[in-house]
Structures are given as structure tokens and as C-alpha cells.
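One structure below.
What follows draws every value from the coordinates through simple rules; no lab data is involved. Just so it is clear, the structure is predicted and the values come from calculations on it, not from any experiment. Reconstructed Cβ throughout: ideal geometry from the backbone, glycine too, with neighbour counts over all protein chains shown.
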Amino acid sequence: MMTNVTEVRASVGDASPRQPRVAPTVLSMLQSARRGLAEAADETTPGARYVMAHLAALRAAAAVVAARGEPRSRRRKPHSVWELLPQVEPALTEWAAYFAAGAGKRAAAEAGLPRAASAREADDLLRDAETFLSLAETALGVQVQPPLPLRPAG
């Protein structure tokens, strides 16, 4: 359904994972995203797991935008990272739309609304955020980390 790692590698070129050509701040953002995913995996409440997974994906997208540079626009209004990502990395367009669509659910979960996200939705988002982070790392030529183990839905 979504763009996979092989398609991203083909579209951006398979940069050497041993010598990333990204700024230390970008690497730090990717590491922060990876830590966020680990914390999300340990979270017991679905709402918090959903929020943390979504924020991890947001950090990964921000890393790609930061590495590629914000596209110049005639408009001066602020843009979300999900609007900027397809402009700087077209191979991740579907992912940007997917995570942008989940922003409202994340906001509801952050607000503590009951049943904002089910356990299944949180687990699905966590898996998708893990895949997205791996794609972002691949797009930037950074060594892809192994997927995090996920606990069974409960």
C-alpha cells in the first residue's frame, strides 16, 4: 500500500549507510524519533502509545525536511512538516498524507479524550511509524535500525 524501503532506495539512490551526509542535528532528530518509538512500545495506554508513535513519525519527517532544506515558497504562512515533506522527498508523499490524517486523533488523545485511539489503532500506528522511520533513514542514507519488537495487542 505505502511506499516501501526498496522503492525509496530506488527513488533517492542508495546512499552509503556508513558515511551519512547529514548534519548531526538531523541524526539527533532521527535518534529522538527512534527513542520515541521505544517509549511508545512500552506505553500501556493506547492513547499515549498513539501520541508517542505519531510524534516519533513527526520527528522523522522533520529530520528529512531539515536535511533537505525547506522548499522556497511565495507564501510566507507556516507549513506543517506533513505539507513540506512531499516537496522535499516526493517518495514519502503517501506517508505524509497518512500521518497528517492522524493528527486530529493524536490531538484528541493528547487532550485525554476517552477512546481517542483503540489499542489496535495505537499498535497499527506504532508499526507504521517504525516503517516510516526506516524509510526516512533510508532516504537520508542513514543506517536503518532494526524494527522494535511490538507487544501483542491487548
Once the piece of chain linking residue 93 and residue 120 is laid out straight, how much longer is it, given 0.36 nm per residue of separation minus the C-alpha distance between them? 7.3 nm
May I ask you to compute the full-extension gain from residue 35 to residue 21, defined as 0.36 nm times their residue separation minus their alpha-carbon distance, rounded to one decimal in nm? 2.9 nm
Förster radius 25 Å - calculated FRET efficiency between residue 28 and residue 107, Cβ distance, rounded to 0.05: 0.45
For labels at residue 44 and residue 79 in the simple 7 Å Cα→Cβ model, what's the distance in nm? 4.3
